[in-house]
Structures are given as structure tokens and as C-alpha cells.
Amino acid sequence: MATFEFDSVDRFTAGTVGEPGARVFYLQAVVGTEVASFRLEKQQVQALVDYLAGLLADLPQAPEDEVPTEIDLVEPAIEEWVVGSIGIAYDEDNQRFALLLEEVGADDEGFGEEAGRARIGLSIGQATALVPHAASLLDAGRPPCPLCNRPLNPDGHRCARLNGHGVH
């Protein structure tokens, strides 16, 4: 599978394709004319946003002119591979984040030697822009059921709290 090494990117974003309930989530890195899109789960986006927000809270704010405003997904989002694990670290000397994405199937025991990996360097400004943008994507999903907290479809759903006896 493809491996990517981006010390710095022109754009880094999260985005979705499809309607709520059937959306596909992506992380996307853009360097010049190269666009790399990685499919992942909504929960992985949530975990990344939460972790980045915590790290950013302990760092000096990026100057406003270093926080990108153009952060939409470049379409069509063509999936390179599916993200299995995400790692992130902050390089204090260079004031940059290092994001490591590993394809589903990558592991420490060598069974996933051909699995894809992406190392992506992000500025504080890029991370600062990503957090609220991705959070707004997560909030744009289906509303939760007031009984079981699972997502509601437009036509309702069989709620576990009703023991399957009706649609809520």
C-alpha cells in the first residue's frame, strides 16, 4: 500500500461525503497538486479532535494569520486506504504536530508490513483550524434518540429502550 511522508502540508482537513447516517469520513492532506485522502470512522475523528484540542489548550495560540480559513475537503475524495490507528505528537522545538496514520492491518509484529502509513506534519495554525471544523462535522450528524441516545434516522428507529415494540 501507499506510504506518505509530508513534513508540512498546504492543507489538512477532515470532511465527509454523503448524507447523515450514510456519511463517509476522511482526513485529507494536500501538498501542491498531490491530494491524499484517508477514510476513517466518525469515532476516530472525534478522538483526534478531542486529543488535539487538549494539546492546543496547553500551547500558545497561533497568530490569526497562520490559521487557515480554506479547510474544505477537496473533492472527489479518493480513498488511499482505511485508517486503523492514529498517533500524534508535538515537536516543541519546531512547534509542529506529527500525525501518524496507519492502515487497518498495520501492526508491530510484522504481519502488516505492506500496510500503508502516512506521516503528516501540521502547524499549530492548521491544528487550530481543524478542531472546530471537524467538531462541526461531528455535530452535523443525526440527532440522538432521547431514550437510548443512538442516532435517529429521518423515519425513526427501533429503540432498544422500547424492547423493539415500536419505532421512536
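The values are calculated or read from the model by the stated rules, or taken from the named source; none is laboratory data. Bear in mind the structure is a predicted one, so any value in this text is a computation, not a measurement. Cβ sites come from the backbone with ideal geometry, for glycine too, and all protein chains shown count toward neighbours.
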message: Just the residues that are within 19 Å of Ile86 (Cβ to Cβ) and either surrounded by fewer than 16 Cβ atoms within 10 Å (Cβ to Cβ) or modelled with pLDDT under 95 (or both), please, taken from the stretch 11-42.
response: Arg23, Val24, Glu41, Lys42
Close pairs (8 angstrom Cβ cut-off, 6 or more residues apart or separate chains): without any contact (Cβ under 8 Å) to a residue 60 or more places away in the chain in the stretch 3-17, loosely packed, with under 15 Cβ neighbours inside 10 Å anywhere: Asp10/Gly32
field: Filtered residues of the stretch 50-78 (kept if in contact with a His (Cβ under 9 Å, 6 or more places away or on another chain) and of a type in the set (Val, Ile, Thr))
entry: Ile71
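Confirm whether Ala106 is at pLDDT below 95, surrounded by 11 or more Cβ atoms within 10 Å (Cβ to Cβ), within 24 Å of Ala2 (Cβ to Cβ) and in contact with an Asp or Glu (Cβ under 6 Å, 6 or more places away or on another chain).
Working: at pLDDT below 95: yes; surrounded by 11 or more Cβ atoms within 10 Å (Cβ to Cβ): yes; within 24 Å of Ala2 (Cβ to Cβ): yes; in contact with an Asp or Glu (Cβ under 6 Å, 6 or more places away or on another chain): no.
Against the criterion (at pLDDT below 95, surrounded by 11 or more Cβ atoms within 10 Å (Cβ to Cβ), within 24 Å of Ala2 (Cβ to Cβ) and in contact with an Asp or Glu (Cβ under 6 Å, 6 or more places away or on another chain)), Ala106 does not qualify.
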field: Residue satisfying all of: in the stretch 52-70; small (Gly, Ala, Ser) and loosely packed, with under 13 Cβ neighbours inside 10 Å; nearest to Met1 (Cα to Cα) among these
entry: Gly54
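For every residue, the table says whether it meets (1) surrounded by 11 or more Cβ atoms within 10 Å (Cβ to Cβ); (2) free of Cβ contacts under 8 Å to residues at least 24 places away in the same chain.
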{"position": "Asp50", "(1), (2)": "yes, yes"}
{"position": "Trp81", "(1), (2)": "yes, no"}
{"position": "Ile86", "(1), (2)": "yes, no"}
{"position": "Glu102", "(1), (2)": "yes, yes"}
{"position": "Glu114", "(1), (2)": "no, no"}
{"position": "Ala118", "(1), (2)": "yes, no"}
{"position": "Gly121", "(1), (2)": "yes, no"}
{"position": "Asp139", "(1), (2)": "no, yes"}
- line: Of the residues in the stretch 122-144, those that are among the hydroxyl-bearing types (Ser, Thr, Tyr) and over 25 Å from Phe4 (Cβ atoms) number 1
